[in-house]
């Protein structure tokens with residue numbers, strides 16, 4: 001492990017008064033914490049009172065609010081060992097890491113397809129399984145919550161992203177199954193964001209622009225064209241929903257997927 005467990009409550013940014021203190025003393029684990037959405041989630045958890053936040057990603061999370069653990073989420077056996085070796089057992093798990101391999105048409109190769117599923121589906125499964133085992137061995141807790149970050153792509157097919165679309169659909173199904181298998185002590189829900197204003201979206205726009213020859217700015221603007229609210233979602237909006245689903249106020253919600261996409265999936 002790398003990094004140092006931070007005094008996250010003291011270092012956290014100003015908290016939303018609605019969520020401040022709702023997670024006091026909780027231990028959380030967040031994947032993809034080095035990314036824009038993951039960083040917003042870790043900061044929101046800290047602002048809500050989480051005392052220890054394990055941040056798992058391929059690169060160290062540059063954030064004082066977390067204990068950073070560098071791990072390849074596609075290496076599922078190593079990942080399982082990492083979870084078993086954590087000093088503290090998380091009561092909150094947020095699987096926010098995402099991977100895709102943009103290819104023209106249906107030309108994605110098998111290796112990329114497999115890696116996408118390992119990171120987007122396999123890693124959440126392994127993490128939830130290992131944390132649930134630890135909770136069970138320790139006598140369980142009444143307020144554990146797992147939140148998986150899916151995508152509007154799970155409901156709407158998008159071109160040139162067969163691996164990503166399929167993996168997010170699988171993650172939604174995994175969420176439903178886990179909610180039943182891990183009840184009653186653990187709630188399991190998913191959030192399905194639409195187009196979120198993160199570096200990953202910028203990379204998507206660059207990839208498409210490179211393939212199509214369209215200017216980057218034009219391609220990025222096109223990503224918001226069919227959003228009824230007229231804008232991308234912001235990472236802090238996703239983070240606020242995570243805090244709610246992790247709180248005791250959401251204890252009667254499990255097996256659900258919350259759409260946060262500006263109305264794109266309304267139909």
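The values are calculated or read from the model by the stated rules, or taken from the named source; none is laboratory data. Treat the numbers as computed from the prediction; the structure is a model and nothing was measured. Note that each Cβ is placed from the backbone with ideal geometry, even for glycine, and that neighbours are counted across all protein chains shown.
Checking each residue in segment 72-106 for being in a loop (DSSP other than H, G, I, E, B), buried (at least 18 other Cβ atoms within 10 Å of the Cβ) and within 16 Å of the chain's Cα centre (by Cα) picks out 73, 74, 90, 91, 96, 97, 98, 99, 100.
Residues satisfying the criterion are absent from segment 154-163 (criterion: at pLDDT 95 or above, within 24 Å of residue 265 (Cα to Cα) and out of contact with any strand residue (DSSP E or B) (no Cβ under 8 Å at 6 or more places or on another chain)). The set of residues in segment 207-238 being part of a helix (DSSP H, G or I) and in contact with a strand residue (DSSP E or B) (Cβ under 8 Å, 6 or more places away or on another chain) consists of 235, 237, 238.
Determine whether segment 251-263 contains at least one residue that is free of Cβ contacts under 8 Å to residues at least 24 places away in the same chain and over 30 Å from residue 139 (Cβ atoms). First the steps, then the outcome.
Start the filter on segment 251-263 by keeping residues that are free of Cβ contacts under 8 Å to residues at least 24 places away in the same chain, which leaves 252.
Checking which are over 30 Å from residue 139 (Cβ atoms) leaves us with none.
No: segment 251-263 contains no residue that is free of Cβ contacts under 8 Å to residues at least 24 places away in the same chain and over 30 Å from residue 139 (Cβ atoms).
For segment 245-256, name all the residues that are in contact with a helix residue (DSSP H, G or I) (Cβ under 9 Å, 6 or more places away or on another chain) and surrounded by 21 or more Cβ atoms within 10 Å (Cβ to Cβ). Break it down into steps so the answer makes sense when it comes.
Of segment 245-256, the ones in contact with a helix residue (DSSP H, G or I) (Cβ under 9 Å, 6 or more places away or on another chain) are 246, 250, 253-256.
246, 254, listed by residue number.
Going by the conditions given, is residue 150 touching a residue at least 40 places away in the same chain (Cβ under 8 Å) and under 27 Å from residue 104 (Cα atoms)? Yes; evaluated as a whole, the condition is true for this residue. Given the condition within 24 Å of residue 39 (Cα to Cα), at pLDDT 95 or above and assigned to a loop (DSSP other than H, G, I, E, B), answer yes or no: does some residue in segment 243-260 qualify? Scanning segment 243-260, I find at least one residue that is within 24 Å of residue 39 (Cα to Cα), at pLDDT 95 or above and assigned to a loop (DSSP other than H, G, I, E, B), so the answer is yes.
Select from segment 38-52 the residues that are under 14 Å from the mean Cα position of the chain (by Cα) and surrounded by 23 or more Cβ atoms within 10 Å (Cβ to Cβ) and list them in ascending order. Within segment 38-52, 38, 39, 41, 42, 43, 44, 45 qualify.
Yes or no, residue by residue, for (1) surrounded by 13 or more Cβ atoms within 10 Å (Cβ to Cβ); (2) within 30 Å of residue 28 (Cα to Cα); (3) without any contact (Cβ under 8 Å) to a residue 24 or more places away in the chain:
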{"residue": "201", "(1), (2), (3)": "yes, yes, no"}
{"residue": "204", "(1), (2), (3)": "yes, yes, no"}
{"residue": "214", "(1), (2), (3)": "yes, no, yes"}
{"residue": "221", "(1), (2), (3)": "no, no, yes"}
{"residue": "225", "(1), (2), (3)": "no, no, yes"}
{"residue": "228", "(1), (2), (3)": "no, no, no"}
{"residue": "232", "(1), (2), (3)": "yes, yes, no"}
{"residue": "236", "(1), (2), (3)": "yes, yes, no"}
{"residue": "239", "(1), (2), (3)": "yes, yes, no"}
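Scanning segment 25-41 for residues that are touching a strand residue (DSSP E or B) at 6+ places or on another chain (Cβ under 8 Å) and within 13 Å of residue 57 (Cα to Cα) returns 29, 30, 31, 32, 33, 34, 35, 36, 37, 38. Within segment 123-153, the residues that satisfy the criterion of being under 23 Å from residue 259 (Cα atoms), more than 13 Å from the chain's Cα centre (by Cα) and part of a helix (DSSP H, G or I) are 152, 153. When each of 113, 106, 125 is tested for being without any contact (Cβ under 8 Å) to a residue 60 or more places away in the chain and within 25 Å of residue 241 (Cα to Cα), the lone residue that passes is 125. Could you tell me whether segment 191-199 includes any residue that is more than 21 Å from residue 241 (Cβ to Cβ), part of a helix (DSSP H, G or I) and touching a residue at least 12 places away in the same chain (Cβ under 8 Å)? No, segment 191-199 contains no residue that is more than 21 Å from residue 241 (Cβ to Cβ), part of a helix (DSSP H, G or I) and touching a residue at least 12 places away in the same chain (Cβ under 8 Å).
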